[in-house]
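**Q** Before anything else, here's the structure in question.
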Amino acid sequence: PMASGLGKIEPLVINEGQTYPPDVVIEKLSYLGYERVELVDRRGQFAVRGGIIDIFPPAEPHPIRLEFWGDDVDDIRMFSVADQRSLEIEVDQLFATPCRELLITDSVKTKAKNFAKAHPDFAEVFEKVAEGIATEGLESFIPVLADSMETLFDVIPKNWVIQELEQERIATRAQELIDTSAEFLEASWSNTTAGNAI
C-alpha cells in the first residue's frame, strides 16, 4: 500500500520568462518534499542564493538553476553537481514533481502532533512532522499519518497490460521483498509481545 492521491499532486512547472515570485517557488518546493540545503548535490534538494534557486527534480539527469530578475524567471539551465557549472543542455522549463511518498499537509501535521503525545518513543520524528519539517524515517509512518492508502492496482487502468523483462531478476527481487516482509512481520510480533503499541 502507498499514500493515496500521489498521482494527483500538481508538479511545480515554471517556464523561462514567466513571472513567479521566488518566495512562492521556495514554499511550493518545501510542500513538495524538497530538502533545503546550502549546495544541491542529490535529487530532492534545493538551494537558494540571492536571485538564484537550484533544484534537483527526481526525474532529471542534472539539477536545474533558475535565475530571477525580481519576480521574473530570467534564465533556466542545467548544471553539473561536480563543479556547479552550467551544462550545454538546452532547457526552458522546470518540471518538479513531488519527491517524497508523503507530503506534509495540515491533516498530517495534526495526526503527527497527536501521535507525538501518545508515543513518546517516536516523538522526535512526529514533532518535526507536526512543525512541517520532512525528516528521515517519515515514510515508515505513512500507514498512521496518511489520510488513506491505495495499492498500485487501485490506480492503473482497467485494461492494463504488464510486460515482464528480465524474468530471473524479477523473481529474485520478488523473493527479496517476501523475505523482507517476513522479517518486518516477525519484528512487529516481537515488538507487540514486548508490550509496545507501534
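The values are calculated or read from the model by the stated rules, or taken from the named source; none is laboratory data. For clarity, every value in this text was computed on a predicted model and none was experimentally measured. Using ideal geometry, Cβ is built from the backbone for each residue, glycine included, and neighbour counts are taken over all protein chains shown. Please note that ligands, DNA and RNA were not included when accessible areas were found on the heavy atoms of the full protein model with its side chains. Shrake-Rupley method; radii C 1.70, N 1.55, O 1.52, S 1.80 Å.
**Q** Exactly which trypsin sites (Lys or Arg not before Pro) in the stretch 1-78 are in a DSSP loop and have at most 13 other Cβ atoms within 10 Å? Don't jump to the answer; show the numbers that get you there.
**A** Values: sites: K8, K28, R36, R42, R43, R49, R65, R77; in loops: R42, R43.
Hits after loop and neighbour filter: R42.
**Q** Something else: Are there any trypsin sites (Lys or Arg not before Pro) in the stretch 81-122 that are in a DSSP loop and have at most 11 other Cβ atoms within 10 Å? List them by number.
**A** R85
**Q** Return one whole number: the accessible area per residue of the chain in Å², for a 1.4 Å probe.
**A** Numbers: 13160 Å² over 198 residues.
Each residue of the chain exposes 66 Å² on average to a 1.4 Å probe.
**Q** Cα-based count: Lys pairs in the stretch 74-198 below 24 Å, eight or more positions apart or different chains?
**A** Working: K109/K117; K109/K128; K111/K128; K113/K128; K117/K128.
Final tally of qualifying lysine pairs is 5.
**Q** Turning to a different aspect of this structure: Kirkwood hydrodynamic radius of the chain from all distinct Cα pairs, in Å?
**A** On the way: mean 1/r = 0.0509 Å⁻¹.
Result for the chain stands at 19.6 Å.
**Q** Can you tell me the mean projection area, over all orientations, of the convex hull of the stretch 1-53's alpha carbons? Units nm², please.
**A** Working: hull surface 19.3 nm².
Here the figure is 4.8 nm², rounded to one decimal.
**Q** Share of Cα-Cα pairs in the stretch 81-170 beyond 19 Å, in percent? Mind showing how you got there, number by number?
**A** Numbers: 2455 of 4005 pairs.
Every Cα pair in the stretch 81-170 considered, those over 19 Å come to 61 percent.
**Q** Hey, how many Å between the Cα centroid of the stretch 46-81 and the Cα centroid of the stretch 88-167?
**A** Answer, in whole Å: 24.
**Q** Mean 1/r over all different Cα pairs, inverted: what Kirkwood radius does the stretch 102-148 give, in Å?
**A** Numbers: mean 1/r = 0.0992 Å⁻¹.
10.1 Å is the Kirkwood radius here.
**Q** If you keep only loop residues by DSSP, which GluC sites (Glu not before Pro) in the stretch 1-45 have at most 10 other Cβ atoms within 10 Å of their Cβ?
**A** Numbers: sites: E16, E27, E35, E38; in loops: E16, E38.
Of the GluC sites (Glu not before Pro), the ones in loops of the stretch 1-45 whose Cβ has at most 10 other Cβ atoms within 10 Å are E38.
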